[in-house]
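Encoded as structure tokens, the structure appears first; notes follow it.
The values are calculated or read from the model by the stated rules, or taken from the named source; none is laboratory data. None of the values given here were measured: they were computed from a predicted structure. Backbone-built Cβ (ideal geometry, glycine too); neighbour counts: all protein chains shown. SASA here: full protein model, heavy atoms, side chains in, ligands and nucleic acids out. Shrake-Rupley method; radii C 1.70, N 1.55, O 1.52, S 1.80 Å.
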Amino acid sequence: MVKDYKSGASMTAGKLGGGGRMLHPFSIGIIIGFVLGMGVAFGFAIYINRTQSPFFEKQLPASRKELKPMESAKQARPSQAAVSAPKPKFEFYEILPGKQEAMPSKPSGEDAKERVYLQAGAFQSSEDADNLKARLALAGFEAQIKTAHLPDNKTWHRVRLGPYDTAEEAQGVQLALKENEIKADVIRSKE
């Protein structure tokens, strides 16, 4: 039996209307796969561009220029550094076995000495305070974060340098901070 292929082709063309070709199911799958793949790649590119990349260093704003080392502040306190022995970073090794009181007693009101601090910033976010402390450390300054709980149920994290025995000593460090474009205010307190 002989089959007429010509009449079958004209019949398919008639079904599509106007002599168009019908797409093969494999080619439809390829097109759908390509569109889905491009969508996933586009979404991944957006995700990568929004997160901070560890491979590229982003441009820092003008307020975060390269910090200068703390040479003038070191010159302002040579006598104190020579007189005092280096203090250990961690004192809990002495506190834990019971060799020392956990909380040293504070002096009475008459014996309290006025101390001078430099406050480089006060933040409600502890991350911002940590960032400023790290920035100061890169410049060669040692700072502490003091947390204060205010009556209106707000918490402030103060970034302070010091204590300094005299205001002149604090002003020397304040000038060194200005060279690194860090503003610090002089704070006096009794301890």
Given the Cα-Cα distance of GLU142 and PHE34 and 0.36 nm per residue of separation, how much length would full extension add, in nm?
33.2 nm
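As an exercise, use a Förster radius of 25 Å and the Cβ-Cβ distance of ASP185 and ASP152 to find the FRET efficiency, rounded to the nearest 0.05. Before the final figure, lay out each step's value.
Details: r = 22 Å, r/R0 = 0.88.
Here the calculated transfer efficiency is 0.70.
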Once ligands and nucleic acids are excluded and a 1.4 Å probe is used, how much of GLU168 is accessible, expressed in Å² to the nearest 10?
130
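Residues with beta-carbon under 10 Å from that of GLN144, excluding GLN144: net charge, scoring Lys, Arg +1 and Asp, Glu -1? Kindly include the intermediate steps, with their values, before the conclusion.
Values: positive: LYS133, LYS146, ARG158, ARG160; negative: GLU142.
My count for the surroundings of GLN144 gives +3.
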